[in-house]
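Read through the structure below, which is laid out as structure tokens, and then see the notes.
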Amino acid sequence: TPELAKLLAMIASRLQEDRGDPPHGRTLIDCLTMLKGLAEGLERSGTPLSALVATAPPELKAGFERVRSLWTVASALAVSGQPARERIVAIDVLARGRPDMAETIVPALLSPTQPPDIQFAAARAVASARRPSLAAKVLGDWGKLALATRRELLAGLISNPTLASALVPA
């Protein structure tokens, strides 16, 4: 936990250095990339970032509060016209850290009007978010999805037993 607190302090410090409100450019991507790394490490240890964000122990609560603005900015970036690589980081971080926010944007990002890389990132985000309600929502739009996006979505859904059960009624 002290390491997590240090990482959150480093992210918050980086945001403060930027002085952008909201944070933007390289600072934003650096901070989101650090959160993505944190999410990946936590998942390997069996604790999703979303669980830690929702029920942060006192020693981490202040750190998460200091980086709270990143969630809103990541949500805006995910649906923006910015380069795909930046949007993909934002989509991934939202799905892992704030699946409730991801659920509001991911279905639209699966649209065939989005670049293929964004569609695939959104499909992976469904699995990362681990929300049956999101899985049910996107499965309801199955007929509107591109074939390659369907494959990516299916691969993610079957990798998670909770989400795989959403396939049966669909």
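Quick notes on this structure:
- An oblate overall shape is assigned to segment 39-96, the ratio a/c of its alpha-carbon gyration tensor axes (a ≥ b ≥ c) being 1.5 or greater and a/b not exceeding b/c.
- Using a probe of 1.4 Å, the accessible surface attributed to V168 totals some 120 Å² when neighbouring protein chains are kept in position.
- Once the mean of 1/r is taken over each pair of separate Cα atoms and inverted, segment 1-91 shows a Kirkwood hydrodynamic radius of 13.4 Å.
- Probe 1.4 Å, accessible area per residue of segment 93-148, Å²: 41
- Ordered from longest to shortest, the equivalent ellipsoid semi-axes for segment 90-170 are 16, 15, 10 Å, each the square root of 5 times a Cα gyration tensor eigenvalue.
- Using a simple spin-label model with pseudo-atoms 7 Å out from Cα toward Cβ, R26 and A9 lie 2.5 nm apart.
- Dividing the radius of gyration of the alpha carbons in segment 125-170 by their Kirkwood radius gives 0.91 for Rg/Rh.
- Estimated [θ] at 222 nm from DSSP helical runs (n ≥ 4, -39500 (n - 2.57)) normalised by residues in the chain, nearest 500: -22500 deg cm²/dmol
- Within the accessible area of segment 37-170 (1.4 Å probe), percent carbon and sulfur: 57
- Size estimate for segment 1-155 follows the Kirkwood approach: the inverse of mean 1/r over distinct Cα pairs works out to 15.8 Å.
The values are calculated or read from the model by the stated rules, or taken from the named source; none is laboratory data. Note that the structure is predicted; figures quoted are calculated from it, not measured. Counting neighbours? That spans all protein chains shown, and the Cβs are built from the backbone with ideal geometry, glycine included. Only protein heavy atoms, including side chains, enter the accessible area calculation; ligands, DNA and RNA are left aside. Shrake-Rupley method; radii C 1.70, N 1.55, O 1.52, S 1.80 Å.
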